[in-house]
Amino acid sequence: MSASKQVDRGRFGNFINTIEETFIALLLGLMVIVTFANVFLRYGRDTWVTNLPERLLGIEFPESIIWGQEVVTILFAWLVMFGMSYCVKITAHLGVDAVTNAVPDRAKRVMLLLSTVACVVYAMLLMKGAWDQYANYINLPETTGRWFPTGLQEMRPQDYQGYKPTIQVPMIEWLRGPLESYLFYWEDEEPFDKLPIAIPYFIIPFGAALLLFRILQAAVDVVRGKRDSLIVSHEAEEAVAEVAAKYKGN
């Protein structure tokens, strides 16, 4: 079963696919734009590349975007966390199927079920760890239990750590009011000058939750017999052959 078939069907499924693919493309595009702008400002300074637009537009370019590298790092983290669940959805994670292809179909089915269970357990553990990590940045309680959550820890006044800023990313003004009033409010807190680290780090629990959801979806398909693999190996060759046959027919 090829990777391209492991996608949602129907109008709503196509809508979700469009959103996911657009968001991934947007992250890649923003990374390229910010990186290009930083290189442009650093190496084009005091040359006709920047002097001409400055004269024509009456503006002055900065020497560099000091928060550019941090923003690109954040965008890359979002891309990785968001992309790992999408790759589960379309069966695009790489793997080795030399052993499973060498055993009978019955044994292959058992191995697929066992690997699916292992992936579900891994995703659940990752979800717990992701929430416990993120809770420290947003002043929410961590979960109790060593392996799986059994509840929420009780928060004491000394457990609240207040506002944790990013290193260089400036505060987004339209977020200032809600964040200062509801999320990180203390009477002695200084006004925000940098974006709270809780905003970019939101991808930690969100990405883990989305990964768990996609793996559970894949597990249901495996049990129902609609899916015979969690990885892509030599299927790339099949995809190339399909494209070649399509263009040959045209």
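Here, each number is a calculation from the coordinates, and none is a lab measurement. Small disclaimer: the values here were computed from a predicted structure and weren't measured. Note that we place each Cβ from the backbone using ideal geometry, even for glycine, and neighbour counts take in every protein chain shown.
When Lys and Arg each count +1 and Asp and Glu each count -1, what net charge do the other residues less than 14 Å away from Leu212, Cβ to Cβ, add up to? The answer is +3.
Taking loop as defined by DSSP and a crowding limit of 14 other beta carbons within 10 Å, which GluC sites (Glu not before Pro) in the range 46-111 fit? Present the calculation step by step, with values, prior to reporting the outcome.
Details: sites: Glu54, Glu60, Glu63, Glu70; in loops: Glu60, Glu63.
Sites meeting the loop and neighbour criteria: Glu60, Glu63.
From the cross-link list Lys164/Lys194; Lys89/Lys226; Lys128/Lys164, which pairs have alpha carbons spaced over 20 Å apart? Over 20 Å Cα-Cα: Lys128/Lys164.
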